[in-house]
Every structure is written in C-alpha cells, then in structure tokens.
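These notes are about the structure you will find just below.
The values are calculated or read from the model by the stated rules, or taken from the named source; none is laboratory data. Note that the structure is a prediction, hence the values are computed from the model and not measured. Cβ coordinates were reconstructed from backbone atoms using ideal geometry, including for glycine residues, and neighbour counts include every protein chain displayed. Quick note on the areas: whole protein, heavy atoms, side chains included, nothing else; ligands and nucleic acids left out. Shrake-Rupley method; radii C 1.70, N 1.55, O 1.52, S 1.80 Å.
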Amino acid sequence: MIFYRQDLTNNQLLDLYKKILKPRLIEEKMLILIRQGKVSKWFSGIGQEAIAVGVTAVLDDSEYVLPMHRNLGVFTSRNIPLHRLFSQWQGKANGFTKGRDRSFHFGTQEYKIIGMISHLGPQLGIADGIALANKLQNNKKVTAVFTGEGATSEGDFHEALNIAAVWKLPVMFIIENNGYGLSTPTNEQYLCENLADKGIGYGIESHIIDGNNILEVYNKLSKLKEQIQENPHPVLLEFKTFRMRGHEEASGTKYVPQELMNEWAAKDPVENYRKFLTETGVLTAEFDEQLHKEIKQEIDENLAIANAEPEIVPTFEGELNDVYKPYEYEEISHSSEFKNIRFIDAIRNSLELSMKRHENLVIMGQDIAEYGGAFKITDGFVEFFGKARVRNTPICESAVVSTAMGLSINGYKAIVEMQFADFVSTGFNPIVNLLAKSHYRWGEKADVVVRMPCGGGTQAGPFHSQTNEAWFTKTPGLKVVYPAFPYDAKGLLNASINDPNPVLFFEHKLLYRSIYQDVPDDYYTIPLGKAAVLKEGKKITIIAFGATVHWALETLEKNPDIEADLIDLRTLQPLDTETIFASVKKTGKVIVYQEDTLFGGIASDISALIMEQCFEYLDGPVKRVASLESPIPFTKALEDQFLPKNRFEKELIDLLAY
C-alpha cells in the first residue's frame, strides 16, 4: 500500500491517525463487551475505518453526513462524547433514541449526522433533499451519504442518483464495497465490473478509490469537494474495502474463504498507516503508545459514565407524547370577503397563499411545473414562484418522498404531489418507515405534506381510483386529512402545511370540479382532528368523509323525515372521537360510511371504538357501508356497482327500523 502525503503537514497526518485509531480501539472494546453480554448487537467496521474517517475529515462540521452501520469513524470524528454513544448502544436515555432504536439507527442535528434506517435505500434520497436545501441557499455545502454494495441493487439507489444528476445536487454518494451483503458475495449482487460504472448511466462523475488508504481517501475527496463547491454536481465514489468481521457479530464469517481474509488482513487501514507514519518519522513509538493510552482511558471513563446511568423506566405518556412533534396550532381567522369557488380552486388557493407565507416551502411532483400537474392545480406557479420551488420530478415516488424528508431536515417545508393516490404504493416505504417514525426514533420532525388525488366515480379504473387512506391511518406518526368541501380543504391544507408532522392530504378527484362553496379569499386555518357536524337529529348518527359526505347528504335530502346527525370527519388521524361518541350517545344508532373497501378500512376501527366506548348507549348494531371487496373497475356499470352509493339508503333505513 502506497501513501502519498502530498502537501499535508505532520500535524494533519497525525490528526488523521488519531481519528482512525479511535474507532478501532472502541471496536476492540465492543467485541469484548459483546462477549460479556454487555452490548446486545454490534456491526463491526474493522477494516473499513479509513472511509468513514476520511470522508468526515473532508467535510466541515456544518455539513451533513449520512452514515451506515459500519461507520463509527463518522461519529467519533465529529467528536460526539463517547458516553452518549455507549448509552445509545445500551439503550439508555442519554443516548439519541431514548432506547427506542439501537446501534447507529439515529440522527443528531447537533452533530449534523443523519443515521440510517434498515431499509437502506431511502438514506440516499434524504441526502438529495439535504443537498437541494443547500443548493437553494447557495451556501456551497456538500453532503455525503454512505451505502453498501448490496443496497445498490435497490430501486431507491437508482432513483436518488437520477434525481441528483438531473437537479445537479452537491452530493457525494459513498459506496463501501466490502465484498459481501451479509453473506451474499458481490458476484451474486451485480454483474458490472465496478459499481462506479453505474454512474455512467446517470451522467454522474464517478471514481474508484482504495478504501483502506486514508490518505488516498482524504486527498481525493478534498479535491472533489472543491470542485463540487465551485460547480454543484453529484459524484459516485466506489471505495474498495473489506469487512473483516461478520455482518454482525452473531453471523460470523464462515462463508468467507480464508485466503480472502488473509489477503485483506494484510491491507489493514490502521496498521498500514501506522507503519507509513513510523517509517517516515512522523509518528514515534512513544507518541503512539501515549495515544493508545489516552484513547483507552477515554473509553473506560465514558463507559463508566454510561454504565452508571440507570435503565429506562417506561411510561405510556412518555412513549405516546413522542409519536408526533409537539405543535401548537395557530388559529388564523379569515376576513368577510368570500368567493364561490370549486374544490380544486380551494386547493390551488391554499398552495398559492402558503407558498407566499412560507418562503422555505418547496412543491415537488410529476409534471407540476410548466404543465401545472395532472389536474392543473399548480398551473402558473412556475412563473410566480420559480422552478427552484416548483419542481418537476422524475417518475420515482420513493426517492422524492425521501428527498422531501431531507428538505425538512435541512430547514425547509416540502409538499409532494402524488399524481394519483394509487401511485403512492411505490413511495410507501419512506412514508411509513421514515416520515412516520423519525420523531419517535430520534426527535426529528418530518415537515412534509403528501397530496393524494384519490377516489372513484370518474371511470379511471383500478390504478387511478383507489381511496387508500387505511394504508396510513394505522401507522403511528402520520396525520391523515380528508376534506369534503372547498372551505375545509383550504383551511385544513393551510394547517397541514404549518404542522411540522407528516400529513397525508386526500383530495377526492370527483369533488375537484363538481363541488362549489363560498370560500374566504384570504388565508385561514382549520385545526386538524376536529370533525364537523353538518346536520343534527335524534334518531341516528351517520359518520362519513370525502365523497361519502355528499352521497349521505343526497340520501338525507331524498328522505327528509330521517332525523340524523351527519358527521363529516374531515381528519382521520387524529380522529375526533369526542364528537363521534357524543353523537352516538345521543342517537343510539350509528352507520359508518366509507368509499374504501370494507375489510380493514377505518370504518372498522370507528365501529370497534364505538362498541368499546358507547356499548350501553346503542339501540342496534354498528353498521358499516363500504365498497365491494374487489379492486375498483373501469366500466361505469361495474364501478357503480362497486361503490357503496347505491346501497347506503337501504342500509340506513334498515338500521333505523332495527
């Protein structure tokens, strides 16, 4: 292994040695502790330290780095107090996740580190979002994100590279090619000769770097960083290295040929660098011994602090209070100036006023810029707000959602428009595993609204007509809003954008151009989690949302003798159970009306809640009315049969007669 010091001073060389030695000594201590049962799980980075240390040394402390399992050197190079890391690994409160997640599954704004999630791929999209925020601010900051050779097979990897290339984002994509994805060797992971070659297909500059040579890593990345700062663009960097331990300690390395282990043991990044420094007279044996002693003493002292920390005592309140970021709703009243507009106009007006109110708000989606979106809601926005804030995206829902999370992390608000709610399935993972869990896991908000044009009645078929709110109402950490009227749509969307928590905002396509209402011209908000009682009666409670609200109104107009409370939920998560229970206790009968298919829909949970909380007040069974248990069809006759509209009246009358 050949080291080229170039113009680095002796102090710089020694600083890199201290930084690469520290994680190695911590690792050696962890291997002892795991055998003693004092650490539950450990993902060793022995043999790969030069990459984490070299990358982090190149970045300023104000620049974000997104590491993976085997990047202890990132955390130690940012000088995180070791006792906090030890507390994290022991699941104690002084860690970064309050015992809710393990190892390096955490982030910290204090140290500008955004730790991994086990799904791997979304990490790269987050880096895109962070880099986009930097580019919008023109602050010349560079973002570095780590991944392994195995994760390059994931769709998110390709989506993130493509977005970064198209948008010319200042991102370093770091591939640690260590030979194995758990136990699967690289020859079963990909067929190209080098993973760096994947950059060619995206028009991205790429390089292959010796990941065990700390000076090659540092010097090469220092030059690349200068180039990126001068001319923002992404680079793909494949670091050739090797994992000397198992995927995690329990898995071992029996699947690795011994000759391969011997070959890479001779390329040890710490030992070879120590040898170079010793031979060139930069490092003396005395200083090396002193350094070992100081680091080991630091490890022992900080372990003692972590060991003395008490175990976490769980409380229901503590857990539930951290699912969402605390947010004090701001009530903003409107003026007396109203205009009769359509549902779609209310959505547009909300977006327009919110873009003016929040200069850090970015809207992203397919065809939303010059074209104005599939439903023309953002038509003209580019001319007013510019393409920097109204961004066409490639067709890649998953990485776009992750990019929105990156924007949120780096001080922006983001709106993602799904062209159709059905398409959210290809962005499902980052919504339910990233946005929903980030605050609970490590206290990081997800200031993202995902707009969801949804619903049937337009003969759009199985891929463009679903109302899939139940995919998200059961996921703690998400808020789900589903208005039925223009007035509510505008006020609730304004409030959703203000809220720093992730919101799925459903907009029924059938209502876009068919429902009119007098709506204030100016900006106002409506609180999430508050239902509206549209009609009052003593005989029965009807609970509905979205298009079913209008279908229920039609039924009541047709049957004026039915005395019903009609509740428009407006928000599904959080759910206004107070209004529901008060109405049911008054009427004694309840019917829950949803457009979604019956089994597993939110009507089932509302029914269960009523049975648990209001059973003694009921004068009949809780009735659910929903669509057929089939995908939604295209032909009008089939769609009419599928939707519950034609069945609701009979079910309502039958329940009244019970």
Count of region 30-63 residues which are of a type in the set (Gly, Ala, Ser), at negative phi and surrounded by fewer than 18 Cβ atoms within 10 Å (Cβ to Cβ): 2
Residues that are assigned to a loop (DSSP other than H, G, I, E, B) and open to solvent by 20 Å² or more (accessible area, probe 1.4 Å), drawn from region 402-442: 410, 411, 412, 419, 420, 437
Scanning region 187-210 for residues that are surrounded by fewer than 19 Cβ atoms within 10 Å (Cβ to Cβ) and acidic (Asp, Glu), the one farthest from residue 173 (Cα to Cα) turns out to be 188
Please go through region 9-54 and give me each residue that is part of a helix (DSSP H, G or I), aliphatic (A, V, I, L, M) and either under 22 Å from residue 88 (Cβ atoms) or touching a Cys at 6+ places or on another chain (Cβ under 8 Å) (or both), ordered by number. 20, 21, 25, 26, 30, 31, 32, 33, 34, 51, 52, 53
What helices (runs of 4 or more DSSP H) lie completely within region 562-658 and have 2 or more residues being over 23 Å from residue 452 (Cβ atoms), open to solvent by less than 50 Å² (accessible area, probe 1.4 Å) and at pLDDT 95 or above? 577-587, 602-614, 645-656
Residue pairs meeting the criteria (Cβ under 6 Å; at least 6 apart or on separate chains; first open to solvent by 10 Å² or more (accessible area, probe 1.4 Å), in region 85-114; second among the polar types (S, T, N, Q)): 94/87; 96/88; 96/108
Report yes if some residue within region 288-301 is surrounded by fewer than 11 Cβ atoms within 10 Å (Cβ to Cβ) and part of a loop (DSSP other than H, G, I, E, B); otherwise report no. no
Looking only at region 246-253, decide whether some residue is free of Cβ contacts under 8 Å to residues at least 40 places away in the same chain, out of contact with any Pro (no Cβ under 9 Å at 6 or more places or on another chain) and either farther than 21 Å from residue 53 by Cα or part of a strand (DSSP E or B) (or both). yes
Looking only at residues that are of a type in the set (Gly, Ala, Ser) and more than 24 Å from the chain's Cα centre (by Cα) in region 158-205, which one is farthest from residue 229 (Cα to Cα)? 183
Looking at 104, 86, which one is modelled with pLDDT under 95 and in a helix (DSSP H, G or I)? 86
Looking at residue 29 and the list (1) under 22 Å from residue 311 (Cβ atoms); (2) touching a Ser or Thr at 6+ places or on another chain (Cβ under 6 Å), which single condition is not satisfied? (2)
Within region 117-132, identify whether any single residue is at pLDDT below 95, open to solvent by 40 Å² or more (accessible area, probe 1.4 Å), within 29 Å of residue 39 (Cα to Cα) and not hydroxyl-bearing (Ser, Thr, Tyr), and answer yes or no. yes
